Amino acid sequence: MSTGLDQKPRRLPKPTAFHRGDRVFTRLVTVAAFTSLAVLLGIAIFLGTQMIPVIQSQGLAFFTTTEWTFTFAMDESDEVKFGIFGMIYGSIVLALIAVVISVPIALLLAVFVVFLAPARVAKWMTNFIDLMAAIPSIIIGLWALYIFQPVGVEWAALLNQYLGWIPFFSVTSDNFIGSPFIAGWVLAIMMIPIVTAVTREVLDRTPPELVNAAESLGCSLWTMLRYVALPFGRGGLVGGVMLGMGRALGETVAVYFVLKLVFDVNLFRILDSGGGSVATMIVAKFGEAGPQELQVLLASGFVLFIGTLIVNIIANAIVNRTGKLKS
Amino acid sequence: MSQHTITYEHSGVRLEEIKKQSPLRPWANRTAKFKLVTALAALIPLLIIAVVYAFTEIPGAIVVVVIYLPMQIISAVIAALLVGGKNAAPDAVIIVLAIGATMLSIIIVASILFTIIIKGFEALSLSFLTQNNEYISPPTPLGYGGIAHALLGTVLIVGIAMVISVPIGIATAVYITEVKGKGANAVRFFVQAESGVPSVVAGLFILTVFILSGAITQSAFAGALAYFILMLPTVARTSEEVLKLIPDDLRTGALALGSTRAKTVMRVVLPAARTGIITATILGIARVMGETAPLLLTALTNDRTIWNPFGDPIASLPTFIFFNVSLPFPSAVSRAWGAALVLMALVSIVFTAARYFGTRKFAKS
């Protein structure tokens, strides 16, 4: 049966072939379209060049040590030392804590919205998750500082009291304020809507015929999730978690309010006061920075940029590939 | 139709009788036993922890996490075994945990909104919205001074960022969907990569290129440039989604009538996508409005009202909150809460507007 619908549409000639106005238009649009490339390259080049003098003066110690000279307190002749290992390590620790807390919650939320909730509740919850994502980080930081921190301190004290024999929950002092644990919770609160949104979309994309087939074979919800939905959306789930992690690595002000910034590396005692975060360190040090320290901050920004860029590119590649699986 | 009737009559069943039967709906088959067991499974653990919480000194967090949650899971499993058999047990666990996760996130958001409203209203007054901080110092009581300058700053910065990023964002989307240039996939990739740039890095970039080089000073314009970097990917991606939904008939129709590619895009495609593009703009605004870190580096703050976007450091709502919270004066912190309430109200308005435009049909084919 030939209806003509199966014919491929004819490709129109390139606009440059026939009109001068079109040529101008196409060029303009093309130039504008590559703005994001220009921005990315600009960041890489301008912040990257700040890296060179820092590496020249600090060497690899910039990445591997934790010493930080407080420039306002020293003489001109003193040798200054800047090492951001504690910050990089702290950022990763914070992101990991946030992942550990937020992923189960986000996954369960997504399962609730997609498979459990009645249609109206599901729609309401989708809006709710989007609203959660729209809350500015400074407001979350403010709330965390005044409302969440006391609660978090209480939880931390309880964890330490009953599970203190686990190395992670041991402490060196009784001060639980400003710990990576609390900052990790705040980051988790910011990650939940991001991870939930991606997870929800991925679970929603599970082909309905597979879900229906599983259910008509008598699968329970758990069996269906375990053998159909989760394997199908695995890539998207991993990608969503990484997208959230990229956001957590770059988050600045919310962490600034609840994390006590210390340059010494806080290896594993997540309940102990004090931790590191590259993004927060940049903002915290910016106000008092001299020219040389400013250069170090810019170089740290470059490190942060490269780190988040890699995480994001991998995450996007995974999410995009999962999207194509369905067709 | 007639065939069916014949078949049924042959097998001795009349069509009318089949029609009269209501569907069985096995999923709605909730027996009294099921209802009773479910209700008991939900209520008993609640009652027990209410008693525990009221009559013992055990902290609330432990009551909920160590006592209530396991008890609720166990009771749900027992209920599932009673009414649904072995396979229903894991489902019961998932349902309890999923509802728990939902409750937790609702509690968190409710707590945030509730706190802002309660604490913000203390500071809110007409003068708070219309005055600036020029003649007050942080310990001044709440009746004087306000956030008008910060509000104006946010509007200026977001406005300039919008004016720059919306045309470029739309052009990016047009390049991907209309021009379909060779680099379309690459452009999409770069836009996605740009959307992951941390806001503090955007601020550092503008700081190095424009401010440290001496081209411009810390001002609304510099802040807007940093916002532009964050806003562009959102505008471009949403516009792309919208342009993809415009039916091809419109394009081919315009071209067949003799329109050029440029005119097709400008006069047919973009007007047809008007509401969608408004949504894209609003989503872009929502993305940047509360961003603090880039403004700390590029716009700083100010106590006076600044109208000139190029000359002086300027206050904005996020930086106003940031600097006031760090001050050791209750009235300053109270002002920060007031500003947070105004900022949240603005975000909610923008969010609702995006929902409103986003659900309207923008292309009538």
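The values are calculated or read from the model by the stated rules, or taken from the named source; none is laboratory data. Keep in mind that what you see is a predicted model, and the values were worked out from it rather than measured. Cβ: placed from backbone, ideal geometry, glycine included. Neighbour counts: every protein chain shown.
The condition (being of a type in the set (F, W, Y), farther than 23 Å from A:V100 by Cα and touching a residue at least 40 places away in the same chain (Cβ under 8 Å)) is satisfied by just one residue among A:F263, A:F268, A:F257: A:F263.
When the stretch B:263-301 is limited to residues that are touching a residue at least 40 places away in the same chain (Cβ under 8 Å) and basic (K, R), the one that is farthest from the other protein chains (Cβ to nearest Cβ) turns out to be B:R274. In summary, A:A289 fulfils each of the numbered conditions (1) over 14 Å from A:G86 (Cα atoms); (2) part of a helix (DSSP H, G or I) with the single exception of condition (2). The lone criterion from (1) closer than 20 Å to B:T154 by Cα; (2) of a type outside the set (A, V, I, L, M, F, W, C); (3) under 19 Å from the mean Cα position of the chain (by Cα) left unmet by B:G203 is number (3).
The residue of the stretch B:302-357 that is farthest from B:T281 (Cα to Cα), among those that are hydroxyl-bearing (S, T, Y) and touching a residue at least 60 places away in the same chain (Cβ under 8 Å), is B:S331. Applying the set (1) among the hydrophobic types (A, V, I, L, M, F, W, C); (2) within 11 Å of chain A (Cβ to nearest Cβ); (3) in contact (Cβ under 8 Å) with a residue 24 or more places away in the chain to B:I246 leaves exactly one unmet item: (2).
Meeting the requirement of 2 or more residues that are more than 8 Å from chain B (Cβ to nearest Cβ), the helices (runs of 4 or more DSSP H) wholly within the stretch A:89-166 are A:119-134, A:149-163.
Yes or no, residue by residue, for (1) over 27 Å from A:N127 (Cα atoms); (2) not β-branched (V, I, T):
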site: A:L145; (1), (2): no, yes
site: A:G152; (1), (2): yes, yes
site: A:P167; (1), (2): yes, yes
site: A:S173; (1), (2): yes, yes
site: A:P180; (1), (2): yes, yes
site: A:V186; (1), (2): no, no
site: A:I189; (1), (2): no, no
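Any chance the stretch A:145-160 includes a residue that's among the polar types (S, T, N, Q) and under 21 Å from the mean Cα position of the chain (by Cα)?
Checking the stretch A:145-160: not a single residue is among the polar types (S, T, N, Q) and under 21 Å from the mean Cα position of the chain (by Cα).
Residues that are in the same structural domain as B:F34 (by TED's automatic domain parsing), part of a helix (DSSP H, G or I), touching a Phe, Trp or Tyr at 6+ places or on another chain (Cβ under 6 Å) and farther than 30 Å from A:G218 by Cα do occur in the stretch B:62-84, at least one of them.
Taken over the stretch A:204-241, the criterion of being surrounded by fewer than 17 Cβ atoms within 10 Å (Cβ to Cβ), away from chain B (no Cβ under 14 Å) and more than 30 Å from A:A95 (Cβ to Cβ) is satisfied by A:P207, A:P208, A:E209, A:L210, A:A213. For the stretch B:119-135, the tally of residues that are more than 11 Å from B:A340 (Cα to Cα), touching a residue at least 60 places away in the same chain (Cβ under 8 Å) and assigned to a loop (DSSP other than H, G, I, E, B) stands at 3.
Of the helices (runs of 4 or more DSSP H) lying entirely inside the stretch B:138-218, those carrying at least 1 residues that are surrounded by fewer than 17 Cβ atoms within 10 Å (Cβ to Cβ) are B:148-174, B:184-194. The test for being surrounded by 22 or more Cβ atoms within 10 Å (Cβ to Cβ), in the same structural domain as B:N302 (by TED's automatic domain parsing) and touching a Phe, Trp or Tyr at 6+ places or on another chain (Cβ under 9 Å) does not hold for B:V235. Per this entry, B:E291 is counted among residues that are among the acidic types (D, E), closer than 20 Å to A:L304 by Cβ and modelled with pLDDT of 90 or more. Residue check, A:S277 against (1) surrounded by fewer than 24 Cβ atoms within 10 Å (Cβ to Cβ); (2) among the hydroxyl-bearing types (S, T, Y); (3) closer than 24 Å to A:Q50 by Cα, all met but one. Which one? Of the numbered conditions (1) surrounded by fewer than 24 Cβ atoms within 10 Å (Cβ to Cβ); (2) among the hydroxyl-bearing types (S, T, Y); (3) closer than 24 Å to A:Q50 by Cα, the odd one out for A:S277 is (1).
For the subset of the stretch A:292-327 comprising residues that are assigned to a helix (DSSP H, G or I) and charged (D, E, K, R), which member is modelled with the highest pLDDT? Only one residue fits best here, namely A:E293. Looking across the stretch B:79-103 at every residue that is surrounded by fewer than 16 Cβ atoms within 10 Å (Cβ to Cβ) and of a type in the set (A, V, I, L, M), the one that is nearest to the other protein chains (Cβ to nearest Cβ) is identified as B:M103.
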